[in-house]
There are 2 protein chains.
Amino acid sequence: MEPHEPDLTVVPVTSVLAALADDVRLQIVRALAEGGESACGSFDFGVSKATRSHHLKVLREAGLTRTRAAGTSRLVRLRRDELDKLYPGLLDAVLTQRPPA
Amino acid sequence: MEPHEPDLTVVPVTSVLAALADDVRLQIVRALAEGGESACGSFDFGVSKATRSHHLKVLREAGLTRTRAAGTSRLVRLRRDELDKLYPGLLDAVLTQRPPA
DNA sequence: GGTGTTGTTCGATAGTTGTCGAACAAGGGT
DNA sequence: ACCCTTGTTCGACAACTATCGAACAACACC
């Protein structure tokens, strides 16, 4: 089954924003931005693997990530080039860690 | 009663993004970005005034807008300067109308 | 003081979403 | 062949959210 990675231009802006508007998913995106392509299992942010899988699906279907199989693992990476081209400044604005309240 | 307009630095990024991740609210923000300060009633996007009031509250409490009374109306404006300073590129990336699919 | 305009607030409701455990699937190694 | 690791999928459930009509509040104006 194809992993359903849509063309970014057909994804509504609100879907992209909604995908980023979750704490767990934002941590995943930050980890990807810093660490590059990573296995799903490397994102241990206090949720079960079912929940993690769900969040990765949301990110993928919002056009934020790409996934490829590698043995028993799956490697995920940020579609940064496309995102920066279509929404310049979005990722930069969102990824920089904010002051601790 | 104070309209509860929080300091932007204490609003979680996810709240800002969630506020923008709705079609009606995005239309309101776009209208504000283009038309400047406007009365609540000027945002007629096919929802009831109760719903409109709800969306304006979400935007206000996410730190995106400021509201002041003016007679029987209430004038709403975008907190663009603060947003651009704290999240440079965010609004620009989101406000530009996307290609029609 | 009454009437109309403009918004807000209050239930209520339907839909969406985040979360989990359990079951399942696909590989790799021994 | 067996088992372990790695992920996905499947209900199920709680929490949140978008929406509405109706009731209420504040102000202006006659």
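The values are calculated or read from the model by the stated rules, or taken from the named source; none is laboratory data. The structure presented is a predicted model; accordingly, all values stated were derived computationally and were not measured. A quick note on method: Cβ atoms are made from the backbone with ideal geometry, for glycine too, and the neighbour counts reach across all protein chains shown. Heads up: the accessible areas ignore ligands, DNA and RNA and are worked out on the full protein's heavy atoms, side chains in. Shrake-Rupley method; radii C 1.70, N 1.55, O 1.52, S 1.80 Å.
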**Request:** Determine the shape class of the protein assembly as shown: with a ≥ b ≥ c the square roots of the Cα gyration tensor eigenvalues, call it rounded for a/c under 1.5, and otherwise prolate if a/b is greater than b/c, oblate otherwise.
**Result:** prolate
**Asked** Stretch A:Arg68-A:Asp84 to full length: gain in nm at 0.36 nm per residue minus the Cα-Cα span?
**Response** 3.6 nm
**Asked** Just how far, in whole angstrom, is the range B:1-73 from the range A:22-71 if you go by their alpha carbon centroids?
**Response** 31 Å
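Calculate, for the protein assembly as shown, the solvent-accessible area per residue in square angstrom, rolling a 1.4 angstrom probe over the heavy atoms of the protein chains. Show your work: numbers first, answer last.
Working: 10760 Å² over 202 residues.
Accessible area per residue: 53 Å².
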**Taking only Cα atoms of chain A, radius of gyration then Dmax in Å** = 13.1, 43
**In nm, spacing of pseudo-spin labels at B:Thr96 and B:Ser42 (7 Å Cα→C-beta vector)** = 2.5 nm
**Asked** For the range B:50-64, what does the Karplus curve 6.51 cos²θ - 1.76 cosθ + 1.60, with θ = phi - 60°, yield as ³J(HN,Hα) per residue in whole Hz, taken in order and with x for Gly and Pro?
**Response** 5, 5, 4, 4, 4, 5, 5, 5, 4, 4, 5, 6, 8, x, 8
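What is the calculated FRET efficiency for B:His4 to A:Ala31, with r their C-beta to C-beta distance and R₀ = 25 Å, to the nearest 0.05? Could you put the intermediate results ahead of the total?
On the way: r = 34 Å, r/R0 = 1.34.
Once the sixth-power term is evaluated, E becomes 0.15.
Using a 10 Å cut-off on Cβ to Cβ distances, tally the other chain neighbours for every residue of A:4-17 and report the average as a whole number.
Counting other chains' Cβ atoms within 10 Å and averaging over A:4-17 gives 4.
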**Fill in**
Diffing the range A:23-29: the Karplus 3J(HN,Hα) column from phi (6.51, -1.76, 1.60, θ = phi - 60°), in whole Hz with x for Gly and Pro, holds 5, 5, 5, 5, 5, 4, 4
**Prompt:** Of all the residues in chain A, which one has the C-beta that comes nearest the axis relating A to B, and what is the distance in Å?
**Reply:** A:Gly89, 1
**Complete:** Diffing the range A:66-72: the Karplus 3J(HN,Hα) column from phi (6.51, -1.76, 1.60, θ = phi - 60°), in whole Hz with x for Gly and Pro, holds 10, 10, 9, 6, 8, x, 7
